[in-house]
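Worksheet: the structure to be examined is printed underneath.
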Amino acid sequence: MPRVLKLVKQKLNGNEGSWLAYHLGDDEVGSWLFHPEGTLYTGRWADGREATSFSGIPEAPGCPVLYFAPHQGGWVAAWRHTPWTAITIDLSRPVARSGDVWSFVDLELDLWHLPDDDTPSGTDPRPRLSRHGRTVGFADDDELDDAVNSEWITPAEAARTRDEARYVADLILDGVHPFTQAAWKRFEQAVARTLPAPRQPQGAEADLGTRVGSRRGDRLLVPSEGRCGAMTTPEQSQQERALETGQVYQDAEGRRTTDPGSGAAHADSEADRNAEHLKRGEVGPRVPEE
């Protein structure tokens, strides 16, 4: 059985998300990790609230995701087939590897690549680059500016992050390792192993054994039913959006907020936004982002 690692994604606002993944191995450029269906994702807010969903997508049973963390460089890439085929990249500070816990600080800016992207030209207002029949989209550049204005990062770090994003975009557009067909083959091989959901490393603190669909203290857990719905953006998961906004993913009645009284209104609002994205031809994976 491959080694199990705990991945921790830290947001600049003090929130964080964590999940477990198998360490498939390293190559000369970076490390490959993978989690199958059934893996849990825990979001923690700076004020101490906590919520758990499935990883990849919040609805049961989640979905498989392949990750790549470079030995050098500030980004983490993810490959998925659910709810659609996509590669997403979180620009970040370099991954800190400390035993069985690997963590990185998300710097807001994201990249996305849909191998079968057929979005009509001019219908998506977000910046994108195209070359060799491939397209890479940039998302949340404005949130990088917001981070500078909030003094969470310096203008110099924001400039380095944009430079790194262009560098990674070039790797994808030119089909350079790790963004080759070999990565998709590695993903399919990992799925075919039918690995069980990874278990928490011995001695780790998080209690992932709580029954899905129940509460323990302030911890809200997503019910184990349903599949994937449309997501708000093509570059971020519902887990990450929840971390940024302070919303819980959904409660036992499907409400996506920490305030049960406003849950229905939030769900209606999200449905309207999703419908508008679909009208514009926008689709997305969730991050998460992981």
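Percent of alpha carbon pairs in the stretch 1-72 separated by more than 13 Å?
Percentage above 13 Å: 67.
Expected output is a single nm value to one decimal: the length gained when fully extending between Asp142 and Asp27, i.e. 0.36 nm times separation in residues minus the C-alpha distance. What is it?
That pair, Asp142 and Asp27, stretches by 38.0 nm at full extension.
For Trp75, enumerate residues with amide H under 5 Å from its amide H, sequence gap 5+ or separate chain, H modeled in the peptide plane.
Here Ser92, Val95 satisfy the definition.
Find the relative contact order for the stretch 1-156 and round it to a whole percent, using C-alpha pairs within less than 8 Å whose residues are 6+ positions apart.
Taking the mean separation of contacting Cα pairs over the length of the stretch 1-156, I get 17 percent.
Set the Förster radius R0 to 35 Å, insert the Cβ-Cβ distance between Ser150 and Arg199 as r into 1/(1 + (r/R0)^6), and round the FRET efficiency to 0.05.
0.40
Which order do the peptides 168-178, 141-151 come out in when sorted by mean C-beta neighbours inside 10 angstrom, highest first?
168-178, 141-151
Karplus couplings for the stretch 92-99 from phi (6.51 cos²θ - 1.76 cosθ + 1.60, θ = phi - 60°), rounded to Hz, Gly and Pro as x?
7, 6, x, 5, 9, 9, 10, x
No lab work stands behind these numbers, since they all come straight from the coordinates. For clarity, every value in this text was computed on a predicted model and none was experimentally measured. With ideal geometry, Cβ positions are generated from the backbone for all residues, glycine too; neighbour counts draw on all protein chains shown.
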